[in-house]
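Comments concern the structure below.
The values are calculated or read from the model by the stated rules, or taken from the named source; none is laboratory data. Note that the coordinates shown come from a computational prediction; the quantities given were computed from them, not determined experimentally. Ideal geometry is used to build each Cβ from the backbone, glycine not excepted, and the neighbour counts take in all protein chains shown. Accessible surface areas use protein heavy atoms only, side chains included; no ligands, DNA or RNA. Shrake-Rupley method; radii C 1.70, N 1.55, O 1.52, S 1.80 Å.
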Amino acid sequence: MKAIWQQGALASSKWFTRLILVVALLPLLVGGIVLWYVETRLVADAGQNVATVAAESANKLNMIVHERINSITLLSHAPVLSTQNRKKIQPILRALLDIAPEFSWVALTDATGRVIAATEDSLIGKDFGRNVAFLSLRNGARTAIEDAAMSPDHHGLFAMTMMARVNGPAGEWKGGVIARIGVPALEDVLTQS
């Protein structure tokens, strides 16, 4: 009888040991699953937030570029531009620069693409006649925007150029308004808004 009781006691102690191991490991397993789920949700939420911020930034950038192209398009309809009188045009170009400080510079070209008035004197005489955007204006486009590219007048930083067609009183091609915006200026506007 003593042998039978010892076998039962031994068997129950093995069972009891296993039960203690299961009870100890089960919370660890459940805790690991909960941590994995929480981590997955946090990463997914962070990814969603990044996507939302990126979409909002892209919309703001699109709005800023659209506003600036509208600014130079509106300017291109000013009758004084078709006169190509540098002394009368430069104050107007500088006023646009004051209103829209994102512009690095603004210039007016003649029908051949040569700058005749600008906010920076160093641009006077510069030839944009072979510029792809200028050629599209000459061929009838109302506006043109070039992709951002490295610009020597921005110390090697990226800048984008936008242009608007200038017509004379009879609708004849007179030239274009050209404006340049440095990418750092766009970044500043995005971070401020």
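Computed values, structure above
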item: Among beta bridges that DSSP assigns inside the chain, antiparallel share in %, nearest 5; result: 100 percent
item: Rel. contact order, % - alpha carbon contacts under 8 angstrom, at least six apart, the chain; result: 19 percent
item: Nearest 10 degrees, 0 to 90: helix 2-76 Cα axis against the chain principal axis; result: 10 degrees
item: Under 17 Å from the Cα of K88 - aspartates and glutamates, other chains or at least 8 residues apart; result: D98, D110, E120, D121
item: Label corresponding to Kirkwood radius over Cα pairs in Å when calculated from the structure given, among (i) 22.5; (ii) 19.2; (iii) 21.2; result: (iii)
item: T73 accessible area, 1.4 Å probe, all protein chains in place, Å² to nearest 10; result: 20 Å²
item: Sites L26 and V53 - FRET efficiency at Förster radius 35 Å, r taken between beta-carbons, to 0.05; result: 0.30
item: Helical mean residue ellipticity (222 nm; -39500 (n - 2.57) per DSSP H run of 4+; nearest 500) of the chain; result: -20000 deg cm²/dmol
item: Which of L108, L29 is most accessible, then next, and so on - probe 1.4 Å; result: L29, L108
item: Rounded tilt (10° steps) of 86-99 against the dominant C-alpha axis of the chain; result: 20 degrees
item: Three-way shape label, region 9-96, alpha-carbon gyration tensor, a/c 1.5; result: prolate
item: Only Lys, Arg (+1) and Asp, Glu (-1) charged, at Cβ; the chain dipole about Cα centre in debye; result: 420 debye
item: Prolate/oblate/rounded label for region 53-151 (Cα gyration tensor, a/c 1.5); result: prolate
item: Global geometry of region 99-152, whether rounded, prolate or oblate, following the gyration tensor of its Cα atoms and the 1.5 cut on a/c; result: oblate
item: Counted charge near I64, where neighbours are those whose Cβ lies closer than 13 Å (Asp, Glu -1; Lys, Arg +1); result: -3
item: Accessible area expressed per residue, the chain, with surrounding protein chains retained (probe 1.4 Å, Å²); result: 64 Å²
item: Crossing angle, helix 183-192 versus the chain [Cα axis fit, 0-90 degrees, rounded to tens]; result: 60 degrees
item: Heavy-atom accessible area order for H77, H66, largest first, 1.4 Å probe; result: H77, H66
item: For T112, net neighbour charge (Lys/Arg +1, Asp/Glu -1) across residues whose Cβ lies under 15 Å away; result: +3
